[in-house]
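Heads up, the thing below is written out as structure tokens.
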Amino acid sequence: MRVPVVLLALLLSASGCAPYAVIEPARTRIGDSYSVDPQIRWTSLREGGRTELWTVDGPALQSLRFMKDVGDGQSLLGRSVSSEEREVPEDKQPRFRATMTPTEIVELVADTWSLFGASKIRATGLRPAKFGTVDGFRFELAFVWGDGAEAEATAAGAVIKQRLQLIMYSGTRLYYFDKYRVTVDRLLESIHVD
């Protein structure tokens with residue numbers, strides 16, 4: 001079931017969640033280094049730190065996370081992470097190093113994702129790929145949420161001026177991941193690095 005953007009906005013404001021904004025399908029700036037064409041209308045939830053989350057049907061079903069301008073020695077998220085099991089302060093999270101290889105960055109992402117309560121994380125398909133005009137990488141993840149829901153993710157990233165730029169789209173394996181996969185692939189193709 002698709003939750004209308006207006007209803008989602010009302011639910012978020014009533015529950016005291018992070019601020020939200022509607023992202024229209026027009027070129028949108030992400031951090032200090034690049035912009036994308038969203039392709040469709042998304043709802044943006046400001047998670048704080050270095051992360052911005054976009055969703056259409058709700059973050060429990062699918063989300064597009066932008067982890068932007070992650071500098072040497074910083075965590076991917078730039079904030080504390082809470083899961084059902086625990087809270088992990090930022091200073092206890094895995095850190096990005098500007099000298100990391102793509103393989104090490106994939107491990108960093110998997111380690112960070114486990115902080116959200118994901119388990120049985122399996123990374124596949126690491127390959128070189130353009131991030132706009134910059135050499136970057138792509139990979140996929142499969143994992144299980146704490147409630148048992150199976151999920152998939154695809155990610156694209158690059159290190160630009162010693163800072164990691166990472167876009168990660170995830171959704172439940174049943175229906176929601178595939179629902180916006182083509183849209184996200186087009187969004188990734190639209191990356192314009194300044």
Over the stretch 5-193, what relative contact order in percent results from Cα pairs under 8 Å that are six or more residues apart? 19
Label-point gap, in nm, between residue 79 and residue 21 - each point 7 angstrom along Cα→Cβ: 1.4
Using the Karplus curve 6.51 cos²θ - 1.76 cosθ + 1.60 with θ = phi - 60°, what ³J(HN,Hα) values do you get for each residue of the stretch 145-151, in whole Hz, with x for Gly and Pro? 6, x, 7, x, 5, 7, 9
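I need the shape label for the chain. Rule: rounded when a/c is under 1.5, else prolate if a/b > b/c, else oblate, with a, b, c from the alpha carbon gyration tensor. Working shown, then result.
On the way: a/c = 1.36, a/b = 1.15, b/c = 1.19.
Since a/c stays below 1.5, the shape of the chain is classed as rounded.
By count of other Cβ within 10 Å, fewest leading, how are 54, 145 ordered? All intermediate terms of the calculation are to be shown ahead of the outcome.
Values: 54 26, 145 18.
Fewest-to-most Cβ neighbours within 10 Å comes out as 145, 54.
Based on other C-beta atoms within 10 Å, arrange 182, 70, 106 from fewest to most.
Result, fewest neighbours first: 182, 106, 70.
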Mind listing the phi-derived Karplus ³J(HN,Hα) values for the stretch 181-194, rounded to whole Hz, using 6.51, -1.76 and 1.60 with θ = phi - 60°, and x for any glycine or proline? 4, 5, 4, 5, 4, 5, 4, 5, 5, 8, 4, 10, 8, 6
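Note down the magnitude of the dipole of the stretch 67-193 about its Cα centre, charges +1 on Lys and Arg C-beta and -1 on Asp and Glu C-beta and zero elsewhere, to the nearest 20 debye.
On the way: 17 positive and 18 negative charges, 74 e Å.
The dipole magnitude comes to about 360 debye.
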Check which residues have an amide H placed less than 5 Å from residue 30's amide H, if you skip close sequence neighbours. 35, 36
Hey, what do the phi angles of the stretch 61-74 turn into as Karplus ³J(HN,Hα) couplings, whole Hz, using 6.51/-1.76/1.60 and θ = phi - 60°, x for Gly and Pro? 9, 7, 8, 10, 9, 10, 9, 10, 6, 7, x, 4, x, 9
In what sequence do 55, 103 fall when counting other Cβ within 10 Å, fewest first? 103, 55
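No lab work stands behind these numbers, since they all come straight from the coordinates. Since the model is a prediction, treat every value here as computed from it, not as a measurement. So basically every Cβ, Gly included, is an ideal-geometry build from the backbone, and we count neighbours across all protein chains shown.
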